[in-house]
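Each remark here refers to the structure printed beneath this line.
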Amino acid sequence: MSILINTTRDNAYDILNTNINMLQTKLGEIEELLEDNGIHIKEKICFGKQAFEKRVCSSNGECTFTDTCSCFKGYYGDQCQYLKAKMEIYGTDLKMGTNNIGPAPRLIAQNISNFKPIQDPISIISTQGVGFFSRDSQKYYVSGRGDYGSFFEVLPYNVPRISEINVVNLAANANNTHEIIDVRSGTDRSYVLNSNGDVYCIGLNSYSMCGIDSPPNNINTLTKVSLAKKVTKLAENLFQIGIITNSSFMLGGHNQYGKVGVGNTAPIYTLTEHNVVISSLYAYDSSTYYINTNGTGYSAGKCSFHILGRSCSGSSGYFFQKMNISNPIRYITGAQGSDTMGAIDDQNNFWIWGGDASDLLPGSGPYLPFILATHTVDIAISLEHILKLDEFGVVSCMGQNNYGQCGWNNPLLGTYYTSFFPVRYLPPNIIKLEVSTIGSFVLNENGDVYSWGYNFFDELGYQQNDRIFQPLPSLRDYFIKEYHSSQSNIWVLSTNGHIYFGGIDTGYILGQQSNYKTHFLVPVNYKIQSFFASEENIQALTYTNELVFLGVNDHGEYGDNTTLTQTSFTLLNASGLWNSSMLIKKMVGHENLFGFLTKDQRLFFSGKNSKRLSPSSSINLLEKTLWTQPNIDPSQLLVKDVAIETLSLYVLTESQMLFASGNMNANPSGLGDPSNTWHVDG
């Protein structure tokens, strides 16, 4: 080959580089042709690494010839060091071995509030339900399980998916003619506030928790609360009625621990008014908090575990007293039944207090208020985990993750986070957080709500048996080349030769853990280019043309009749029939039968036979040739494709001849007669 090089000063280097690239391409084509025919010229080296090394071409490509990488899809650069785009696997069942765990954060409701002003539109109904109010549509949306009046008694006890309640109609039945501006659901009851300052209640009214003189104990229709003043705001985290007026706030109902702030713990059956002007009120089962117009926090109720955020003993908890937080407070939050509380001040510091060894905070506790995090704009605290939104829009979580309530950012659920970890796969522009005991919710500025965590009662806002196509969350960071799934698990091969596993490990082949609820990297000492996996085992082809095996070998899948389980990838026992110089063209499999076709037209099988190749139920590594007749030209027998089914085996040739072998009695269509030899359908 002669090459003309134009040596003019302006373009000499460009033309030289072009011609060098042409030469390299030709050399690569020649080398590849020789490799396909089993002729190895020399060991390929790319940028100081041999072709078979795992880190060659940044683990994102193949070394095709000297200092030349062929990049996997999604990568580019001379050493395949740059990322181009993401490839994702989508599925319809993301439960990963359990029916009650939701997937990555999922959209459950759109445009549920008009944000004029932005309010907290998410109500946690007990620990098993959720509610959203849309001021625009004047409707209330609920999902999960409601007790007594939590679902306004117009829907079944368990509400599947998001169900709609027309609050306007309900309020009209109570002679309301004004716009509804807020709806709150608490434990066993719901409250409605209209633009005229009227409050309505429905649900369990023991101890007058609805603010309506007992009896009745149960209020089955939305009923107006008799008040002398107009209400401007409802209390948050409602365990019992709490309302704010322009000049005071009122509390009613159960007075356990002295949380109504009147100096004793006697039951109170009428609303008690405190003539203090406040901005926010928070009513919990064991304590009550308010923030005055200067941002100072006050608390009354249970003294133990420093839950009041101040030093307290005996009857001192029966009166509202100042909390030990030095900066003006914007927001207070906690969970019903929790001994851990939190607040955000006007400097975006996250204060936390209370707790003991069994709660969220590490150590023995309890704690007076201290700053746990800075740059925080919102928090939500449950009995077992904390969500935090920072100034940069990042949502993170600490605490228990046994039901995925902290997200999927760890290879195994059940991890206890002792510090904050970001929650992945969330939409942008999050503005509000809320949590149930083992579920999490976020709201973005478009009015969309996403949820994740425990979903036994559909409390995440969708049915357990929903089947929507959605990215498998634990694989979204990888480029996917190939995957195989069985009844209860999935194996995934990334383009850089790594294998990931998720689901139920029925053979315990990966260690002690049997149920992997998110995908994790399987330790492999080889770089994998192709594989096939079944319920209990996997056979893979490395980039150095070696066959490796992992898993149960009760039917000779490993290549011999040794009964064992391999818990790490091991070379296939070829029994002298196969070696790495025989280049593999395709791998196939079905259940526990594996097969591969070499480039020189040889077929090999091993594993559970089910009469597909011989009467034997199991076979060691076996080479199989196509059945021939004198009138068939051998050139017509070049194999194009191989397929293994439950009770039969098929081979398609380049000349479009279809060969079959298997159990004809069980699968008679197209096979002709009940023998275990090859048959051809010309």
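Summary table below
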| item | result |
| --- | --- |
| Top-ranked residue in the stretch 406-422 [being under 13 Å from residue 105 (Cβ atoms) and at pLDDT below 85; ranked as most open to solvent (accessible area, probe 1.4 Å)] | 409 |
| Members of the stretch 266-294 that are in a loop (DSSP other than H, G, I, E, B), closer than 25 Å to residue 338 by Cα and polar (S, T, N, Q) | 286 |
| Qualifying residues in the stretch 213-227 (those that are of a type in the set (S, T, N, Q) and within 10 Å of residue 200 (Cα to Cα)) - the one most open to solvent (accessible area, probe 1.4 Å) | 226 |
| Neighbours by Cβ (under 7 Å, 6+ apart or cross-chain): first from the stretch 238-252, within 18 Å of residue 267 (Cα to Cα); second among the β-branched types (Val, Ile, Thr) and in a strand (DSSP E or B) | 250/243; 250/272; 251/272; 251/288; 252/268; 252/270; 252/272 |
| Enumeration of residues in the stretch 236-249 that are at pLDDT 90 or above and surrounded by 14 or more Cβ atoms within 10 Å (Cβ to Cβ) | 242, 243, 244, 245, 248, 249 |
| Matching residues, the stretch 463-485, being modelled with pLDDT of 70 or more and open to solvent by less than 50 Å² (accessible area, probe 1.4 Å) | 479, 480, 482, 484 |
| Among residues of the stretch 173-220, those that are under 17 Å from residue 256 (Cβ atoms) and charged (D, E, K, R), counted | 2 |
| Test result for residue 299, more than 14 Å from residue 242 (Cβ to Cβ) and open to solvent by less than 50 Å² (accessible area, probe 1.4 Å) | no |
| Verdict on residue 657 being modelled with pLDDT under 70 and touching a Gly at 6+ places or on another chain (Cβ under 8 Å) | no |
| Subset of the stretch 206-230 (residues that are in contact with a Ser or Thr (Cβ under 6 Å, 6 or more places away or on another chain) and in a loop (DSSP other than H, G, I, E, B)) | 214, 217, 229 |
| Failed item in (1) open to solvent by 10 Å² or more (accessible area, probe 1.4 Å); (2) at pLDDT 90 or above; (3) hydrophobic (A, V, I, L, M, F, W, C); (4) closer than 18 Å to residue 201 by Cα, with residue 277 passing the rest | (4) |
| Check on residue 323, closer than 19 Å to residue 378 by Cβ and crowded, with 21+ Cβ neighbours inside 10 Å | no |
| Unmet requirement for residue 399, which otherwise passes all of (1) open to solvent by 60 Å² or more (accessible area, probe 1.4 Å); (2) at pLDDT below 90 | (1) |
| One residue from 301, 314 being on the phi > 0 side of the Ramachandran plot and either of a type in the set (A, V, I, L, M, F, W, C) or touching a Lys or Arg at 6+ places or on another chain (Cβ under 6 Å) (or both) | 301 |
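The values are calculated or read from the model by the stated rules, or taken from the named source; none is laboratory data. Bear in mind that the values here come from a model prediction, so they are computed numbers and not experimental data. Backbone-built Cβ (ideal geometry, glycine too); neighbour counts: all protein chains shown. Surface areas here come from the heavy atoms of the whole protein model, side chains and all, with no ligands, DNA or RNA. Shrake-Rupley method; radii C 1.70, N 1.55, O 1.52, S 1.80 Å.
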